[in-house]
Amino acid sequence: MEKKRSVSEQKRQAILDAAKEAFIDQGFAATSMDTVAKLAEVSKRTVYNHFPSKEDLFTAIVMELIGYFSQSMTMTFMPEVPVREQLKAIAQAKVATMLNDDLLQISRLVLSETIRAPEKMSALMDKAQEGDNLFGQWLSEAHAHGVLKVDDLCYAGGQFASLIKGAVFWPVVVLGQPKPSQKQQVLIVDRTVDMFLAYYGE
């Protein structure tokens, strides 16, 4: 059974939800803490009690999304399952994650803030790599079991992620292209796995 949230926790979540809505609708610069308080139906003092600044609030939203999707990307290497099948499942999960509407919208905001204030966003960018670190652990186990030959886990993990991001994520976030269709997603997953195994497969 899910633990019941305290009143303070409920207010904190209401503030996060309101801020996410405001940032997406108005952008970071145009959003005020007054607006967030009004949307969350709490006092401005309550907003500041939870988040000392708008930057802290924005960071909390990004971290919440990263945490949620990091959990959804949990990977466990399974020696009894063909490596191609496991890679396809991982690629499919990455594609689904990257095409989540909230993630796409917040990513556009993060990108714009990174351009405006790169030093403030560097820590968030490091945190966003956690999903790739999980894949690195999976690669290490696959290598240890002799089903992949990976001499540089970080580089190989980055290649795999880049193959997907380059076809699924960046065109939508940066170029404003429509999301790939289900048929296109299947093709992207299949070709990503084929290319990866062509080099790293045993």
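What the table below lists for this structure:
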item: Any hit, segment 176-195, residues being more than 12 Å from Leu87 (Cβ to Cβ), at pLDDT below 95 and either of a type in the set (Val, Ile, Thr) or assigned to a helix (DSSP H, G or I) (or both); result: no
item: Every pair of residues 6+ apart whose Cβ atoms lie under 6 Å, when the first sits in segment 153-171 and is under 15 Å from Tyr200 (Cα atoms) and assigned by TED's automatic domain parsing to the domain that holds Glu141 while the second is of a type outside the set (D, E, K, R) and at pLDDT below 90; result: Leu153/Gly136; Gly157/Phe135; Gly157/Gly136
item: Single condition Asp56 does not satisfy, out of (1) surrounded by 16 or more Cβ atoms within 10 Å (Cβ to Cβ); (2) within 17 Å of Ala22 (Cα to Cα); (3) free of Cβ contacts under 8 Å to residues at least 24 places away in the same chain; result: (1)
item: Of residues in segment 174-190 being hydrophobic (A, V, I, L, M, F, W, C) and in contact (Cβ under 8 Å) with a residue 60 or more places away in the chain, the one surrounded by the most Cβ atoms within 10 Å (Cβ to Cβ); result: Val189
item: Residue under evaluation Asp101, criteria (1) modelled with pLDDT of 85 or more; (2) surrounded by 18 or more Cβ atoms within 10 Å (Cβ to Cβ), criterion not met; result: (2)
item: Matching residues, segment 1-49, being surrounded by 17 or more Cβ atoms within 10 Å (Cβ to Cβ), touching a Ser or Thr at 6+ places or on another chain (Cβ under 9 Å) and part of a loop (DSSP other than H, G, I, E, B); result: Phe28
item: Residue match in segment 129-140 (condition: surrounded by fewer than 12 Cβ atoms within 10 Å (Cβ to Cβ), within 23 Å of Glu64 (Cβ to Cβ), charged (D, E, K, R) and at pLDDT below 85); result: no
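Yes or no, residue by residue, for (1) under 30 Å from Gly146 (Cβ atoms); (2) at pLDDT below 90; (3) of a type outside the set (D, E, K, R):
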{"residue": "Ser32", "(1), (2), (3)": "no, no, yes"}
{"residue": "Val36", "(1), (2), (3)": "no, no, yes"}
{"residue": "Met75", "(1), (2), (3)": "yes, yes, yes"}
{"residue": "Ile90", "(1), (2), (3)": "yes, no, yes"}
{"residue": "Val110", "(1), (2), (3)": "no, yes, yes"}
{"residue": "Leu124", "(1), (2), (3)": "no, yes, yes"}
{"residue": "Lys127", "(1), (2), (3)": "no, yes, no"}
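Yes/no per residue for (1) closer than 23 Å to Asp190 by Cα; (2) in the same structural domain as Ala144 (by TED's automatic domain parsing):
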residue: Phe23; (1), (2): no, no
residue: Thr31; (1), (2): no, no
residue: Glu41; (1), (2): no, no
residue: Val47; (1), (2): no, no
residue: Leu65; (1), (2): no, yes
residue: Met75; (1), (2): yes, yes
residue: Pro79; (1), (2): yes, yes
residue: Lys94; (1), (2): yes, yes
residue: Asn100; (1), (2): yes, yes
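The values are calculated or read from the model by the stated rules, or taken from the named source; none is laboratory data. These numbers come from a predicted model, not from an experiment. FYI the Cβ positions are ideal-geometry reconstructions off the backbone, even for glycines, and counts take in every protein chain you see.
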